[in-house]
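S.K.: This is the structure I want to talk about, given as structure tokens.
Bear in mind these aren't lab numbers, they're just calculated from the coordinates by the rules spelled out. This is a predicted model, so every value here is computed, not measured. Please note: Cβ atoms are built from the backbone with ideal geometry, for glycine as well, and neighbour counts cover all protein chains shown.
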Ligand code: ADP
Ligand code: LRH
């Protein structure tokens, strides 16, 4: 058995977990968890990157001696470095308004269908390509000599070494999912200089050693290597889906719901583009074919507006509210920005002629029904578009702690849901480090280890499919 530190940065919290792994064992314990709170500055919405780095250092100190460190985090965002390697400003949050209306300008150089055929990435206003277009002409970008995605930036601060890890690079819209290399033509036509990016790294590659100052601050004994993992949190989470066969769908539930399939090759058809499915890159040549759904962000924002009531009590109240009274389109980018979430959900119900939820319990129920409905649509659409039928849906991430959401997802999909692990991204992170040390084998081997070692909960569908079809039709006629 060896010990690994898994740094996992979610949009709502960061955590440093200690994983112990061997050929027949896999254990995970939380060393440190810290909030990830975006800050609204006069320039816009920013990540508090220093607080996150401080949380990582505190976490490494709390871990005790480890054999290696891996870092994963949310996608698309980045820090810019000047010619001295110093960070230029606080990284911009993907929910910042600067990308509004920018995609259309990029499409004037690379039409959207060509962009999809070349990169396979769904339209989201915050794809790195659009963020870079929004930053065109700023003094900061003019001064920048290097762009590091968030997990790569933290790895740089820990080690002094720079790289661009592939799974997260695939969310920039500058990677070709067929070659798993840079999309040179797209970059040239969109005016992005690829020399901004550090060389690509694969999950499992060495990513440097903790700097002496980091060893001193964390109390670790060197040398401690950093190992590149699937540094996109969703790539690490999908690696830790405890699937036993290939006929499965997954839903990574946290701030977002990422719902889809693991494929051997991208689906780049026009139909797939119209359905807004993405082809992100996973471990070992796999493609994460999925759709972004607003996820528990909708609930997080309501809970914030309500002054942080107890989540358990709120979910019990929601369980007592009649099902499917009102639903909203949980895939709608109109819910992307922070603020006024209870009002925005009520307005969406009113606009579609449905009963308007009023109490926190009613709004919470509306959110959970809407998420389950969006899960149903994504799982069904993915199977059809990829011609890849499934028998089971695996739910991983923070949403596994929400039994009502898991049951509603099983009901809506008309398929059994297997829920767990909750900290899937951290487990995927640990497993890739363990593999780099030769302790586990391929993806199938990792998954067998997860099935043997992790507690999982099964939810059977309750057979009320017609009600979900009716709710789906309500949204479709809008
Ligand atoms: P991220 O990685 O995007 O920050 P997580 O995977 O940590 O997100 O999931 C966070 C979500 O998990 C919260 O928004 C909340 O809805 C849900 N959650 C956390 N704890 C509980 C709990 N005790 N009961 C029900 N849901 C929970
Ligand atoms: C989830 C996630 C998701 C991205 C979003 C920006 O944390 O990485 O996969 O689409 O953040």
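S.K.: Assuming a viscosity of 0.692 mPa s and a temperature of 37 °C, what translational diffusion coefficient in µm² per second does Stokes-Einstein assign to region 146-244, Rh being the Kirkwood radius over Cα pairs?
M.R.: For the chosen part, D equals 223 µm²/s.
S.K.: Under 17 Å from a point placed 7 Å out from the Cα of residue 391 along the Cα-to-Cβ direction: which residues of region 236-253 have their backbone N that close?
M.R.: 242-250
S.K.: Relative contact order for the chain: what is it in percent, counting Cα pairs under 8 Å that are at least 6 residues apart?
M.R.: Numbers: 1059 pairs, mean separation 79.1, N = 478.
Computed value for the chain: 17 percent relative contact order.
S.K.: Using only alpha carbon pairs under 8 Å that are at least six residues apart, calculate the relative contact order of region 220-287 and give it in whole percent.
M.R.: 29
S.K.: Given the -39500 (n - 2.57) contribution per DSSP H run of 4+ residues, what per-residue ellipticity at 222 nm results for the chain, rounded to the nearest 500 deg cm²/dmol? List each step's numbers first, then the result.
M.R.: Values: 19 runs with 187 residues, N = 478.
Taking each H run of at least 4 residues, the total per residue is -11500 deg cm²/dmol.
S.K.: Quick one: what does P(r) look like for region 10-114 with 5 Å bins over all Cα pairs, in whole %?
M.R.: Distribution as computed: 2, 9, 16, 16, 15, 14, 10, 7, 6, 4, 1 percent.
S.K.: Looking at region 102-203, I'd like the Rg to Rh ratio, where Rg is from alpha-carbon atoms and Rh is Kirkwood's inverse mean 1/r. Kindly include the intermediate steps, with their values, before the conclusion.
M.R.: Values: Rg = 13.4 Å, Rh = 14.0 Å.
Ratio value, two decimals: 0.96.
S.K.: While we're here: Please report, for the Cα atoms of region 177-298, the Rg to one decimal and the Dmax as a whole number; what are they, in angstrom?
M.R.: 17.9, 54
S.K.: Relative to the present Cα-Cα distance, how much length would full extension add between residue 404 and residue 340 at 0.36 nm per residue of separation? Present the calculation step by step, with values, prior to reporting the outcome.
M.R.: Details: separation 64, 0.36 × 64 = 23.04 nm, distance 2.44 nm.
Fully extending the segment from residue 404 to residue 340 adds 20.6 nm.
S.K.: Give the whole-number value, in cubic angstrom per residue, of the convex hull volume spanned by the C-alpha atoms of region 56-167.
M.R.: With only Cα atoms used, region 56-167 gives 129 Å³ per residue.
S.K.: Let me ask something additional. Over all distinct alpha-carbon pairs, what is the Kirkwood Rh of region 48-108 in angstrom?
M.R.: Taking the inverse mean of 1/r over all distinct Cα pairs, region 48-108 comes out at 14.8 Å.
S.K.: OK, next. What number do you get for region 148-206 when its Cα radius of gyration is normalised by 2.2 N^0.38 Å, N = residues?
M.R.: Normalised Cα radius of gyration, region 148-206: 1.13.
S.K.: Would you mind checking the radius of gyration and Dmax of the chain based on alpha-carbon positions, in Å?
M.R.: 21.4, 63
S.K.: By how many nm would the segment from residue 452 to residue 205 grow when fully extended, if each residue of separation counts as 0.36 nm and the alpha-carbon distance is taken off?
M.R.: Here the answer is 86.2 nm.
S.K.: Something else now. Between residue 221 and residue 105, how many nm apart are label points set 7 Å from Cα along the C-beta direction?
M.R.: Inter-label distance under the simple model: 5.5 nm.
S.K.: Could you work out how much longer the chain between residue 437 and residue 13 gets when fully extended? Use 0.36 nm per residue separation minus the Cα distance between them, nm to one decimal.
M.R.: Taking 0.36 nm per residue and subtracting the Cα distance, the gain is 149.8 nm.
S.K.: Arranged by the count of other C-beta atoms within 10 angstrom, fewest first, what order do 216, 317 take?
M.R.: Listing 216, 317 from fewest to most nearby Cβ atoms yields 216, 317.
S.K.: Now a separate question. Work out how far the C-alpha atoms of region 91-139 reach from end to end along every principal axis, then list the three figures in whole Å, largest first.
M.R.: Principal-axis extents of the Cα atoms in region 91-139, largest first: 30, 19, 15 Å.
S.K.: For q values of 0.11 Å⁻¹, compute log₁₀ I(q)/I(0) with the Debye formula on a Cα-only model of region 236-363, without solvent.
M.R.: -0.51
S.K.: Regarding region 327-458, what is the average projected area of its C-alpha convex hull, in nm²?
M.R.: On the way: hull surface 40.6 nm².
Seen from a random direction, the Cα hull of region 327-458 projects 10.2 nm² on average.
S.K.: Still on this structure, please answer the following. Counting residues in region 305-373 as N, plug N into 2.2 N^0.38 Å and put the Cα Rg over that result.
M.R.: Rounded to two decimals, the normalised Rg is 1.04.
S.K.: Report the residues of region 326-362 in range of a label on residue 317: point 7 Å along Cα→C-beta, backbone N strictly under 11 Å from it.
M.R.: Once the point is set 7 Å along Cα→Cβ of residue 317, 358-362 turn out to lie under 11 Å by backbone N, inside region 326-362.
S.K.: Using 1/(1 + (r/R0)^6) with R0 = 35 angstrom and r between the beta carbons of residue 1 and residue 325, what's the FRET efficiency to the nearest 0.05?
M.R.: 0.10
S.K.: Would you give the gap between the C-alpha center of region 272-327 and the C-alpha center of region 46-64, rounded to a whole Å?
M.R.: A separation of 27 Å, based on Cα centres.
S.K.: Spin-label point model (7 Å from Cα, Cβ direction): what's the residue 138 to residue 474 distance in nm?
M.R.: Calculated label separation equals 4.1 nm.
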